[in-house]
Structures are given as structure tokens and as C-alpha cells.
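Working notes, beginning with the structure itself.
The values are calculated or read from the model by the stated rules, or taken from the named source; none is laboratory data. On a predicted model such as this, the values are computed, not experimentally measured, just so you know. With ideal geometry, Cβ positions are generated from the backbone for all residues, glycine too; neighbour counts draw on all protein chains shown.
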Amino acid sequence: MNSVSASAGSASARQGDKPMSRYAEFYRRSVDEPEGFWSEQARLIDWKTPPQLILDASRPPFARWFVGGTTNLCHNAVDRHLASRGEQRALIFVSTETGVEKSYSFKELHAEVQRVAASLMELGVGKGDRVLIYMPMIPEAAFAMLACARIGAIHCVVFGGFASGSLASRIEDATPKVIVSADAGSRGNKILAYKPLLDEAIRLSSHKPDAVLLFDRELAPMELSEGRDHLASVLLEKHRDAEVPCTWLDATDISYTIYTSGTTGKPKGVQRDTGGYAVALAASMQHIFDGRAGETYFSTSDIGWVVGHSYIVYGPLIAGMATIMYEGLPTQGIDQQPDGGIWWRLVEKYKVTVMFSAPTAVRVLKKQDPALLKKYDLSSLRALFLAGEPLDEPTGRWISEGLGVPIIDNYWQTESGWPILTVANGVERTPSKFGSPGVPMYGFKVKILHESTGEELAGPDEKGVVVIEGPTPPGFMQTVWRDDERFVNTYWKSVPGKLVYSTFDWGIRDADGYFYILGRTDDVINVAGHRLGTREIEESISGHANVAEVAVVGVADALKGQVALAFVVAKDGAAVADEQAALQLEGEIMKRVSDDLGALARPARVRFVTALPKTRSGKLLRRAIQAVCEQRDPGDLTTIDDPSTLQQIKNLF
Ligand code: PRX
């Protein structure tokens, strides 16, 4: 393996001289004495009532953390900082889409959150009720999340880039009492009206919310549905001086659900607790991100994704840091003119110390003038964390050399809530290796198992499935929302003969214990760092009247990591007989996916074939299709029913 120190590891921390001794002991304790370890970490947050039992693992694979303790996420993120840093910045909002730049102190954030909390209560929301948040990257989205946490309501944030079909299935599953939304989002100066998508989603869903709370940015007109829709401005004004105390929740009470894709078309509601999540985030802010109260944290993600939940909203605020919420492209200026230096301008202006982004975004910046990295004073920055997809070496090197700070790859999932593999520089300075996210984080017993025998592959560089042995640490998903069975069967029973959590990622580990992630074992693809299920895309395409069969695969792409390609068998062959007709059907299919799921899920290309490669028992050979598209060897094809089907696809490339 190519071993280069990407992080500024001191010479004494390098391999050879006692590697990672401090971290090794930290890690050992976390897995050998989890109760002792996590009871210490629990002191990083405020409790109303301290936990009675640190870990209840009596019903594997379910792990219940900090049983008997009561706390509140909003209290830990906001209220507890009021006395020590009430006037300091808590949330900085910058939109290069609308030209707005605004900061809120902890005190102001406290007031804003209480206004939204009181408004939600007026709409009937109480403890345990679901509130679905379908919002662009505006501060009100964070206020709404924190307001839910404050009153014990369960928030369910749906990414604003999703369209009505995706939104409808999430409304159906979450059964929210109230939906919080806005008139529109904006991307690259293009307004995306949310309200019509929301109305359509509610129409499609059999569950109807009691009320919809709407923030009007005056970007797009909104038609209000009498009796159901409420303008936030009216309610917020009414509750201007609201004082809403935090509802103390059991540590094991649900804080939120967030939907993510898997092997089936039906998205899974990843369910998270309250106390375990707060402790996990507080600990990660210290040990992994090394962020300190009073400093500024900048994550370029979106609140619709897990990174947004953990490291735009809750993590930095719990740590007493100011967090930047940025609406816009990485290449757009505040005056809406192109500006590839916008991020660095924000780092300079707000003295950002910790930054979090995704490799895709860096690949976009790589196309800009490298001088932009030198134009700003970036001396406040201590590290850039990248996650969500594999970090390729050229991208890692480019940004590492450009910024001159450690670039820290970190691997995790919506399910885990915080990094599974990385380096914990807050515990001990540890060298990174390009291509590897790092070593298992404290609390995570990460193993590599043989896909079909379930045997542990302990040797270096042996490829297998990356799994986690229970009990899973605090912050990890509790279960699948309303579906314990799906949680156990999907995640914990996929490796024969063992009750272990499967990440559904392939991986290897080198002789130094560093892991390398080699892609998904299931039908999940990763487009520009966004996780999508190919089955969902296939289901959307199948709805087209002229589609008989479809296979969607993720194919390597230099900029986005992967893009979706669709192979379609048309019902009426004549419809794709000539190039013009094929182009038209391709366009219709792409539009269908955009309208249904959102532009992110739209395949990069749709290609027409007369039959799809399948096994004799009729199983689609997606991996073989993917291999052929990437000009790789499709592997063992003894089970293929008709080899000419794969040849047809090969001929297209
Ligand atoms: O395949 C892995 C990839 O993204 C998946 C999780 O995506 P999501 O649930 O959206 O959570 C993202 C949280 C950062 C993983 O199963 N992945 C994530 N981080 C990395 C990665 N692949 C390689 N390297 C990473 N650092």
C-alpha cells in the first residue's frame, strides 16, 4: 500500500516507533470496558438525571445506552452555552443563492428555536410526534430541528433535492403530524419551487399531515391550502417572546429518523436515540474533530443528509462551536458571480478551525485556479475532513498540498451517525495513509469477514465484507423505524452463521491495521457523495408505459465518483428502432426519474437493449453489467443464461 503521511503526524507517532500507543489503549478500553469508557464520555454532556445503567445489551443486537438518564439534545446544543457564551456566534448563514449573510448568537438561536417550538406546539405537536422537515439550507431548517428536539418531537428531515415520489414514500412511512417546508430552494441561481412538490407528495401519500408550516422566502409563489397550511411568519410573530422549556427525555427516547437507501426500493428510516447520540457527538467533536468551544466549524454538507444532522447542526453546537450553514455551490460568489474561492473566503472571514466536506466537492474545486487556495488567509484551519465516498489519491494530494493542513478521510454511514474508521487526532496525532480512511474508532469492533462462509479474514489485504460486532456504540442507529425485524434481518443476518452488523461495503485491512473501502456489496450507489438505491431508480423507470424491464447500475465517474446508468428493454421495440426515437424515450425516462425522485437520481445515460443479463434462475447480473461498463472483467459467468445479453452491453462501450 502506498503509505504517505497525509496528516501531520509527529515523527514519534509514525509506524515503527510504538505506533498509536495512546490511541491503542483508548480504543482497547472502549471495547473491553465499554461501561467504564462511556460513562466517562457521558460527562461531556449535561444530564437532567444521570444514567443508572450505562449499557443494556441484554437483547442483542439491540443496544440501549445510558438507561435511566434524562437529557435533551437542544439543551445541550443551545441552552447550556447561554451562560458562558450567550453572545457568541452559534449559527452563521451564508447564501450565495440569495446574497444573504447573517449570524445568530447562542442567545438569538435560543429565541428563534423557542418561537418555532411554540408554533409547532400550537399546531398540536407533542412528545413522540413526527415532524417532517423538507427544507432548503436555511437557518429555519436548523431552528425546526432544534425545536423538535426541544419538545421531544421526532424530526425526519428529507433532503430538499428529492422530488414528490421520494417525499411521498417518506411521508407515508414517517406519518408526520406536521410538515415544515418553504416556498423554494435555489441551486446555481435556479429556483426550485418546493411547495408544488410537497402538495403532490401529500396527494400521493395515504397519510395526510394535520398541518404544514411554511417559511416564505419570496422566491416562488405559494398556494395555501385552507385549514392545513400555515405561514410561519404569522405563527412566529405570535410567539415572538415564547419561552418553551426543554422536555427532559429518556436517553433511549427517539430523537429523529432519517431515511436512507438499501437493497429494496423502500427507503429505511434509520432511528436514533437521544442520550447516546448526544454523547457520541460530544466525544467525536473532541477526540476526532478536535474542535473547541468558541471556534467555528464549517461543513459543506446539507441538513438532508446524516453529515448535516451530526456535523452541521448537533455536533458543533453541542461542542459550543459556531456552525456555518452554506446555501450555494462551491464555485459561486456572494454576488452570484462565479467564485471558486467562496469556501476559503468563509474560512478566512469566520476563522474556521475545522472543515468537513466530500471528495466530490474537492474534485469540482480542482478544476478552478489553484491560486484561489493561496488568496485567503487560511491559517485558522487545523484540518479538513472528507467523507461520504472513497477519497482518490490525486484529489487527496491536491487539496493536501494546496491547504497545507491534514486531510482526514473518514468512513461512516447514515446508520452509524459518526465516523467508524478514521484517525482520532484529538486523542493522539496519528498518521493517515492516502486511500485509507484509517483505523476503527473507539467503540467500533470492525472486522472483515468472508462473504459466504462468514469466516474472519484476519490476514492483511484479504478482501471481504466490513462488519461491526455488537454491541454497537452510542449514537449508532437503534433500529429501523417501526420495523425491528427489518433491522435485524437486513443488517444483522446477512453474513451466514453470525449476528454481526454488515456495512455492505467491501474492504481490506493492511498489516498496520488501516482499512481500505472497496465499494458496496449491495445495490447502493454513491453519486457525488450522495447515497442512492438503484432499486428506487429502477422502480421509477419501470413506471414508464414503454418500459418492459430495467437494470440500473453505478459506474465509475471521474468527477462524481459514480453515476447511474440505466439499461432498458422497451415494450415496443419500434419506439427505439432509430436514434431519434431512442433519444426521445431516453429523455422521457430521465424526466420521469427527475420528477419522481429528484435530479440527483437521474441516470447519466439510458441505453436500450433487447434483453438483460440474468442468471438461469432470473436474477439480474448487476455486478457483471457494472464490470462491463467499467471495462473490467465481469468475473465468473457460469450462471449466465444468455451470454449475448452481456455482449450487447459491452458493444455499447
Ligand atoms: O459505501 C460507503 C460510502 O458511503 C456509504 C455511506 O453513505 P451514507 O449513509 O450517505 O453516509 C455518509 C456518511 C459520511 C458507505 O457505506 N462511504 C462513506 N464514507 C466513505 C465511504 N467510502 C469510502 N471512503 C469513505 N470515507
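Points to keep in mind about this one:
- Only one of the numbered conditions (1) more than 16 Å from the ligand (Cβ to nearest atom); (2) among the small types (Gly, Ala, Ser); (3) crowded, with 23+ Cβ neighbours inside 10 Å is violated by GLY554, and that is (1).
- Selection count, segment 391-412, where residues are within 12 Å of the ligand (Cβ to nearest atom) and either small (Gly, Ala, Ser) or surrounded by fewer than 19 Cβ atoms within 10 Å (Cβ to Cβ) (or both): 2
- Given (1) away from the ligand (no atom under 16 Å from the Cβ); (2) out of contact with any helix residue (DSSP H, G or I) (no Cβ under 6 Å at 6 or more places or on another chain); (3) not small (Gly, Ala, Ser), index of the condition PRO330 fails: (2)
- Options TYR134, TYR104: the member that is over 24 Å from TRP248 (Cβ atoms), in contact with a helix residue (DSSP H, G or I) (Cβ under 8 Å, 6 or more places away or on another chain) and crowded, with 24+ Cβ neighbours inside 10 Å: TYR134
- Selection over segment 465-521 of residues that are over 24 Å from GLY533 (Cα atoms), part of a loop (DSSP other than H, G, I, E, B) and among the charged types (D, E, K, R) gives a count of 3.
- Pairs meeting the criteria (first residue in segment 625-646 and acidic (Asp, Glu), second residue surrounded by 13 or more Cβ atoms within 10 Å (Cβ to Cβ), beta carbons under 7 Å, at least 6 apart or on different chains) are GLU630/VAL555; GLU630/ALA556; ASP633/ALA627; ASP641/LYS614; ASP641/THR615; ASP642/ALA611.
- Some residue of segment 529-548 being of a type outside the set (A, V, I, L, M, F, W, C), over 30 Å from VAL446 (Cβ atoms) and in contact with a His (Cβ under 6 Å, 6 or more places away or on another chain): no
- When CYS156 is tested against (1) assigned to a helix (DSSP H, G or I); (2) crowded, with 21+ Cβ neighbours inside 10 Å, exactly one condition is not met: (1).
- Filter result for TYR297 (in contact with a Gly (Cβ under 8 Å, 6 or more places away or on another chain) and part of a loop (DSSP other than H, G, I, E, B)): no
- Filter result for SER502 (without any contact (Cβ under 8 Å) to a residue 40 or more places away in the chain, more than 12 Å from the ligand (Cβ to nearest atom) and either buried (at least 19 other Cβ atoms within 10 Å of the Cβ) or under 19 Å from LEU621 (Cβ atoms) (or both)): no
- Test for GLY315: is it out of contact with any helix residue (DSSP H, G or I) (no Cβ under 8 Å at 6 or more places or on another chain) and modelled with pLDDT of 95 or more: no
- All positions within segment 128-142 that are in a helix (DSSP H, G or I) and either among the charged types (D, E, K, R) or over 18 Å from LEU235 (Cα atoms) (or both): GLU140
- Cross-chain or 6+ apart pairs with Cβ under 7 Å, segment 210-235 first and of a type in the set (Asp, Glu), then surrounded by fewer than 18 Cβ atoms within 10 Å (Cβ to Cβ) and assigned to a helix (DSSP H, G or I): ASP216/SER233
- Those residues of segment 73-101 which are closer than 21 Å to TYR256 by Cβ and out of contact with any helix residue (DSSP H, G or I) (no Cβ under 7 Å at 6 or more places or on another chain), in sequence order: HIS75, ARG80
- The residues listed here are GLY587, GLY573, GLY618; of these, the one that is on the phi > 0 side of the Ramachandran plot and either in contact (Cβ under 8 Å) with a residue 24 or more places away in the chain or surrounded by fewer than 20 Cβ atoms within 10 Å (Cβ to Cβ) (or both) is GLY618.
- Residue within segment 617-627 that is at pLDDT 90 or above and over 28 Å from LYS266 (Cβ atoms) present: no
- The residues in segment 413-438 that are surrounded by fewer than 24 Cβ atoms within 10 Å (Cβ to Cβ), hydrophobic (A, V, I, L, M, F, W, C) and either closer than 20 Å to ALA283 by Cβ or within 8 Å of the ligand (Cβ to nearest atom) (or both) can be counted, and the count is 1.
- Segment 320-377, residues that are on the phi > 0 side of the Ramachandran plot and touching an Asp or Glu at 6+ places or on another chain (Cβ under 7 Å): GLY328
- In segment 383-422, the residues that are farther than 26 Å from GLY304 by Cα and not in a helix (DSSP H, G or I): GLY404, VAL405, PRO406
- Candidate set from segment 354-368 (those that are within 14 Å of TRP343 (Cα to Cα) and more than 16 Å from the ligand (Cβ to nearest atom)); member that is nearest to the chain's Cα centre (by Cα): VAL364
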